[in-house]
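Q: Pasting in a structure now, in structure tokens, and then I'll have a few things to ask.
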Amino acid sequence: MTGERSMFLDLKSKKGGQVTFGGGQKGHIMGIGKIGINSSISIDNVLYVKGLTHNLLSISQLCDSGYEVSFNKNKCTVSQLDSSILFTVNRCNNLYKIMVNELENQNVDCLVSYENQWIWHKKLGHVSQILISKLKKHNLVRGLPNLVHQTNNVCEACQNGKQIKSSFQSKNHVSTSRPLELLHIDLFGPTRTIFVSGKRYGLVIVDD
């Protein structure tokens, strides 16, 4: 939210609602829109609050949009779910200040206005990127934003779902003569869930 009308690239009127400031004063919400340098480096759904003297960015809304936010004593880092860094801001006088004009120097491809494509991929039932592009092009899904496609990532759920079981004919007889004569062994991992022992790899052994 911001109190600077001049920061908006576009602004729609939004009457109703108030924001309470730290000193107890209240500011009226006058509109909602997009701020930034251009459509590529911008932040959507920003409230215009009359009387607000500081620009505030909601960490919870960043997280809800599919981003990860981390802090240390010197800086704040905003990353996508694949750990690729969108931008980093430094701490200044107990505040983490985002200088939008400096984001161009950080090779930022997208901000909140370009939501994570994998969030929408899952929301739409794991459809293909081509279909998502068609849905956006023909305005078939209300609220679907512009998406930056990341071709270097693979959806794990889709990958697993498309795998098929090899067709091996079952045997109705035992081909070995003693225990442990023939073992089928498979090593898997790392797993997303840690075992009770603290390990992430498992070894499956089946005696033929």
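Q: I'm trying to understand the selection: among the residues of segment 190-208, which are small (Gly, Ala, Ser) and at pLDDT 90 or above?
A: Residue satisfying the conditions is Gly202 alone.
Q: Looking at segment 162-189, which of the residues that are closer than 30 Å to Gly125 by Cα and exposed (fewer than 10 other Cβ atoms within 10 Å of the Cβ) is modelled with the highest pLDDT?
A: Per the criteria, the residue is Lys162.
Q: Here's something else I'd like to know. Take Asp44 and tell me if it is in contact with a Lys or Arg (Cβ under 7 Å, 6 or more places away or on another chain), of a type in the set (Asp, Glu) and buried (at least 17 other Cβ atoms within 10 Å of the Cβ).
A: When the stated conditions are applied, Asp44 passes them.
Q: For the structure I just gave you, tell me whether Val154 is touching a Ser or Thr at 6+ places or on another chain (Cβ under 8 Å), in a loop (DSSP other than H, G, I, E, B) and at pLDDT below 80.
A: no
The values are calculated or read from the model by the stated rules, or taken from the named source; none is laboratory data. Predicted model only: the values in this text are computed from it and were never measured. Methodologically, a virtual Cβ is constructed for each residue, glycine included, from the backbone with ideal geometry; neighbour enumeration extends over all protein chains shown.
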